[in-house]
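What follows is a set of notes on a single structure, which appears directly below.
The values are calculated or read from the model by the stated rules, or taken from the named source; none is laboratory data. What you see is a predicted model; the values in this text were computed from it and never measured. Cβ atoms come from the backbone with ideal geometry, glycine included; neighbour counts cover every protein chain shown. The accessibility values were calculated without ligands, DNA or RNA, using every heavy atom of the protein model including side chains. Shrake-Rupley method; radii C 1.70, N 1.55, O 1.52, S 1.80 Å.
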Amino acid sequence: MLEHELVPIVQLGHPALRRPATPFEGQLQPDELAALVALMRRVMHAAPGVGLAAPQIGIPLRIAVLEDSYVPDPEFADLRERAPLPFFTIVNPRYEPLDDRTAAFYEGCLSFEGYQGVVARHHSVGLEYDDEAGVSCRREFHGWSARIVQHETDHLNGVVYVDKALTRSLCANSEYHRWAEPGISEARRVLGF
């Protein structure tokens, strides 16, 4: 595959999104893994998105790429605790909450194009994973970065955000402008969730 080529992102209803992914145990040679990670990063950027799990391109391995370089409005960034997340790869990840706090905000998914919904997620998580070179890592994430980590790790477990969304909050992207504010209080009041 040429460096500029992309593959499609599978959409909700595709079985790859509903099956727990297989642990990565060297099924790919290092150069093949590097090519897959590079491809996933290109697909994520082109979409555009802040994360992409291998099952989203039909590959049932526990691998995901994450990167959030989007610069939101400062008011949104403060409330959502959204800061840049430099690119990294997670292999065989697992997370656990660091405390009892949760945060509920709208989120979307590249595999459920055109919709967003409110999901309550852990505010802070500890993530254990291997990096692309097979080095075991443990990092803590808070705020929006914790949301991204949970969303992508959920994909590797066969879970899509709509499984956790407050269903009355679901809205088409064409309607999201009504609720595009730092918090969700107005959407919660009007939509009744």
Q. Which residues, taken from region 133-180, are among the hydrophobic types (A, V, I, L, M, F, W, C), in a helix (DSSP H, G or I) and under 18 Å from the mean Cα position of the chain (by Cα)?
A. 144, 146, 148, 149, 156, 162
Q: Name every residue in region 46-64 that is farther than 17 Å from residue 108 by Cβ and among the β-branched types (Val, Ile, Thr), in order of residue number.
A: 57, 59, 63
Q: Within region 5-17, identify whether any single residue is within 17 Å of the chain's Cα centre (by Cα), closer than 23 Å to residue 183 by Cβ and hydrophobic (A, V, I, L, M, F, W, C), and answer yes or no.
A: no
Q) Quick check, is residue 16 in contact (Cβ under 8 Å) with a residue 24 or more places away in the chain and either open to solvent by 50 Å² or more (accessible area, probe 1.4 Å) or out of contact with any helix residue (DSSP H, G or I) (no Cβ under 8 Å at 6 or more places or on another chain) (or both)? A) no
Q: Examine region 132-150 for a residue that is in contact with a Gly (Cβ under 7 Å, 6 or more places away or on another chain) and either buried (at least 17 other Cβ atoms within 10 Å of the Cβ) or within 23 Å of residue 165 (Cβ to Cβ) (or both), and state whether such a residue exists.
A: yes
Q: Please find, within region 47-65, the residue that is surrounded by the fewest Cβ atoms within 10 Å (Cβ to Cβ) out of those that are free of Cβ contacts under 8 Å to residues at least 60 places away in the same chain and assigned to a loop (DSSP other than H, G, I, E, B).
A: 48
Q: Answer with yes or no whether residue 119 is β-branched (Val, Ile, Thr), in a loop (DSSP other than H, G, I, E, B) and within 25 Å of residue 11 (Cβ to Cβ).
A: no
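Suppose the filter is open to solvent by less than 30 Å² (accessible area, probe 1.4 Å) and more than 17 Å from residue 106 (Cα to Cα); does residue 90 pass it?
yes
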(Q) Can you pull out every residue in region 115-130 that is open to solvent by 30 Å² or more (accessible area, probe 1.4 Å) and more than 13 Å from residue 141 (Cα to Cα)? (A) 115, 116, 120, 130
Q) Tell me, which residue of region 93-114 that is open to solvent by 10 Å² or more (accessible area, probe 1.4 Å) and aromatic (Phe, Trp, Tyr) is nearest to residue 136 (Cα to Cα)? A) 95
